[in-house]
1. Please find, within the range 86-118, the residue that is nearest to ARG192 (Cα to Cα) out of those that are of a type in the set (A, V, I, L, M) and assigned to a helix (DSSP H, G or I).
2. Counting only residues that are hydrophobic (A, V, I, L, M, F, W, C) and farther than 25 Å from ARG218 by Cα, which one in the range 57-96 is surrounded by the most Cβ atoms within 10 Å (Cβ to Cβ)?
3. Among (1) farther than 26 Å from GLY110 by Cβ; (2) buried (at least 19 other Cβ atoms within 10 Å of the Cβ), there is one condition ASP54 misses while meeting the rest; what is its number?
4. Can you report the number of residues in the range 84-139 which are among the polar types (S, T, N, Q) and touching a Gly at 6+ places or on another chain (Cβ under 9 Å)?
5. Restricting attention to the range 145-157, does a residue exist that is charged (D, E, K, R), assigned to a helix (DSSP H, G or I), in contact (Cβ under 8 Å) with a residue 24 or more places away in the chain and closer than 16 Å to LEU199 by Cβ?
6. Give me the pairs: first residue in the range 37-49 and without any contact (Cβ under 8 Å) to a residue 12 or more places away in the chain and farther than 16 Å from GLN74 by Cβ, second residue β-branched (Val, Ile, Thr) and assigned to a helix (DSSP H, G or I), beta-carbon distance under 7 Å, and six or more apart or on different chains, which are they?
Amino acid sequence: MQRSVFIGASLVAASALSAAEADAIGMVEKAGEFDVAALNKLVSRSAEVRQVWDAGKLYPQILGGVKNSLNGLQFGFGIAATRLATAFVTRNESNLLLYGNAVWTEYRLGELFSVHDPSGAIVTANIFAPAHSTSMLADPSDPRGFYQDASIETLQKRGVLFFACNTALVQQAGQIANAGAAKGQSADDVARALRKSLLPHVMLVPSGVGTVAYLQSRYQYAYLTEQ
């Protein structure tokens, strides 16, 4: 049975924003600011199954849904990992999943947006990103193994592409500034910091809902969500 892990060019193509690009973007990321060709290259590769996950409200368990789908398709249906194309699009509160620890700490995102860990404690860092398992040769049924790891880092190693909504980012920047968590920074300053803090290989897109529609209509990605 095919158990290969897809770590290919998809992780390399989604490069980070330059400082100039991060400064220029407003709430509406315009065509001249957004590299749609880069997105097309990422999402258009040949695949037997294409799926786009729409993450709106902050519900981290959705990452487990992505993991379960990959496992079912790969080990149940016998589709090679390299023949699966999976996109995960965050918008609204779910953008929090894709910010790095620096802004989680600086802006107290867990406190501001009432994010709790399984024990009920306020989350002070991005606990959803780091991998929990390193071995790629583990039995897929091992609850502590690679294939049961629903972290963002491990899902990326399995070929999942993550896209963050710029409109939601700007709205969150305004919430942070208005709540006094920005220590005198303007909403624009916060937005720039959030963009620069996006996790490695995450691509900023003009609109999360627009990206979901684009992938469905242009590239026939099946729509999935779990809220």
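1. VAL103
2. Among those residues, the one meeting the criterion is LEU96.
3. (1)
4. Summing the residues that are among the polar types (S, T, N, Q) and touching a Gly at 6+ places or on another chain (Cβ under 9 Å) in the range 84-139 gives 9.
5. The answer is yes; a qualifying residue exists.
6. Taking only residues 6 or more apart or on different chains, not a single pair turns up.
None of the figures in this text is laboratory data; all of them are computed from the coordinates on show. For clarity, every value in this text was computed on a predicted model and none was experimentally measured. Cβ coordinates were reconstructed from backbone atoms using ideal geometry, including for glycine residues, and neighbour counts include every protein chain displayed.
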